[in-house]
1. Condition test on Lys133, is it under 26 Å from Glu41 (Cβ atoms), open to solvent by 70 Å² or more (accessible area, probe 1.4 Å) and either of a type in the set (A, V, I, L, M) or at pLDDT below 95 (or both)?
2. Any idea how many residues of the stretch 354-398 are within 12 Å of Gly160 (Cβ to Cβ) and under 22 Å from the mean Cα position of the chain (by Cα)?
3. Of all residues in the stretch 259-291, count the ones that are part of a helix (DSSP H, G or I) and either under 28 Å from Thr323 (Cα atoms) or open to solvent by 20 Å² or more (accessible area, probe 1.4 Å) (or both).
4. Return the pair list, or none, for Cβ contacts closer than 7 Å from residues in the stretch 20-31 that are among the hydrophobic types (A, V, I, L, M, F, W, C) to residues that are open to solvent by 70 Å² or more (accessible area, probe 1.4 Å), at least 6 apart or on different chains.
5. Which one of these does Pro355 not meet: (1) modelled with pLDDT under 95; (2) at positive phi; (3) surrounded by 14 or more Cβ atoms within 10 Å (Cβ to Cβ); (4) not β-branched (Val, Ile, Thr)?
6. Which residue out of Ala161, Ala156 is of a type in the set (A, V, I, L, M, F, W, C) and touching a helix residue (DSSP H, G or I) at 6+ places or on another chain (Cβ under 9 Å)?
7. Hey, does the stretch 212-227 have a residue that's among the hydrophobic types (A, V, I, L, M, F, W, C) and within 25 Å of Val372 (Cβ to Cβ)?
8. State whether one or more residues within the stretch 170-190 are within 30 Å of Gly363 (Cβ to Cβ), assigned to a loop (DSSP other than H, G, I, E, B) and at pLDDT 95 or above.
Amino acid sequence: PNPYLVMYMSFYEYLVEETKASDKLKETARLHFIDGLSAAEACRKTQFDEANFRRARRNHKDRYNNWLAENQAITDGGAVASTLIKGKEGDDFALKWIKQKPDEQALRERLKSFLDGLQSKIPKTPKIKSPKKPPANDLCNLFIITDYHLGMMASATETGADWDMEIAERTIIDWFRVAIETSPRADTAIFAQLGDFIHTDSPVPKTPGHGHILDASARFYEMNRTAIRIYRAVVKMLLETHNSVHLVVCDANHDPTPSIIHREWLDVFYDDEPRVSVDISPKSYNAYQWGDQAIFFTHGHKKKFDALPTVFASEFREMYGATKFAEAHCGHFHHEKSIESNLMMVFQHRTLAAPDAYAASGGYFSERDSRVFTYHKKYGRVGQNVINIRMVEDYGSL
């Protein structure tokens, strides 16, 4: 089990069992660790002081690390007992360490018991109930997020807007809340994450292709841990309002490695949830068919924008030939653009993220928004919902 997950889940268990902890603190911990809300959002919901919550969590980290040190023999797979003895007359040594290994079978049993104990503290994700009034219609809502750059750092004095891990997590959760509330009720939801969701591809803050130095606001493991929390929270919201959810995670230039890992863990994590499907294709181009509508996805860094219609029509020849309508979606350039050809419509989407120092110094500015496209199985695209950053910020301040 992930030691950090174990540590924080043990903190939640500790609060639940600790009679001195207030109900408000316990509820804040539940919202944070079980429901996947950020610490700031959980505290805002329960009106619990965020600094006190973070302090309590930090104190527990010290308790947990002390416990690990005391149980190092178990956690390291069994310590070897060592004794220093002094050589006697006739011995060929003056000093010698005598090492004694514990019984291997007993060690395996102790280790299994230890792991079972750790895993027992991690609650299974509860089954998410279907909508109380399931929308029995032929509509599909496509929720698009691109170039989110989770883990990027920006200062308002330099770029015009602040951006860090906490702002990014709060923003995307609030965006989905606004998007769901203001979009039509639909049978199916597609969460299309069009790439560059994570700002860096590795612990070294630079682009993997060209080695450009990046402004990072968090460690690499924090970016991915937060991304996992976001995915879980978003899927939960979509499952509560739609009959089924389809996930697309596109290959991109900033985070090609995390995109692979995220696709795979999402597929495994929701393996027992029949209402969730995950596109695990390793290709740079993805597709989904909704009745007579073909929907295509890519990040947009591999091929020029005007060439995308022929790429999709060729790559997904059978789907393209079997449908009456076709549209494609991409990101990468952070600004809005669209073309209509004889083959299909192609939309290039903006980002919700603030510009970084590189974009600001280069004068690459655009509006910040993300969109929901609504498709009908028979009639194709029948709606489009634009949710800009100001709507999201106003929602979060309510």
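The values are calculated or read from the model by the stated rules, or taken from the named source; none is laboratory data. Please read these numbers as outputs of a predicted model, since none were measured by experiment. Glycine also receives a Cβ, built like all others from the backbone with ideal geometry; neighbour counts cover every protein chain displayed. For the accessible areas, the whole protein counts, side chains as well, though only heavy atoms, and no ligand, DNA or RNA atoms are used. Shrake-Rupley method; radii C 1.70, N 1.55, O 1.52, S 1.80 Å.
1. Numbers: under 26 Å from Glu41 (Cβ atoms): no; open to solvent by 70 Å² or more (accessible area, probe 1.4 Å): yes; either of a type in the set (A, V, I, L, M) or at pLDDT below 95 (or both): yes.
Judged against the criteria, Lys133 is not a match.
2. 5
3. Within the stretch 259-291, the subset part of a helix (DSSP H, G or I) is 259-269.
With the extra rule that they be either under 28 Å from Thr323 (Cα atoms) or open to solvent by 20 Å² or more (accessible area, probe 1.4 Å) (or both), the set shrinks to 260-261, 263-265, 267-269.
Looking only at that region, the number is 8.
4. Short answer, once both residue conditions are applied: Leu31/Lys45.
5. (2)
6. Working: Ala156 fails: touching a helix residue (DSSP H, G or I) at 6+ places or on another chain (Cβ under 9 Å).
Going through Ala161, Ala156 in turn, just one is of a type in the set (A, V, I, L, M, F, W, C) and touching a helix residue (DSSP H, G or I) at 6+ places or on another chain (Cβ under 9 Å): Ala161.
7. The first filter runs over the stretch 212-227 and keeps only residues among the hydrophobic types (A, V, I, L, M, F, W, C), leaving 213-214, 216, 218, 220, 223, 227.
Filter again for within 25 Å of Val372 (Cβ to Cβ), leaving 227.
Yes, because at least one residue in the stretch 212-227 is among the hydrophobic types (A, V, I, L, M, F, W, C) and within 25 Å of Val372 (Cβ to Cβ).
8. Here is the first cut: in the stretch 170-190, the ones within 30 Å of Gly363 (Cβ to Cβ) are 170-172, 174-175, 178-179.
If we keep only those that are assigned to a loop (DSSP other than H, G, I, E, B) too, we end up with none.
Taking every residue of the stretch 170-190 in turn, none turns out to be within 30 Å of Gly363 (Cβ to Cβ), assigned to a loop (DSSP other than H, G, I, E, B) and at pLDDT 95 or above.
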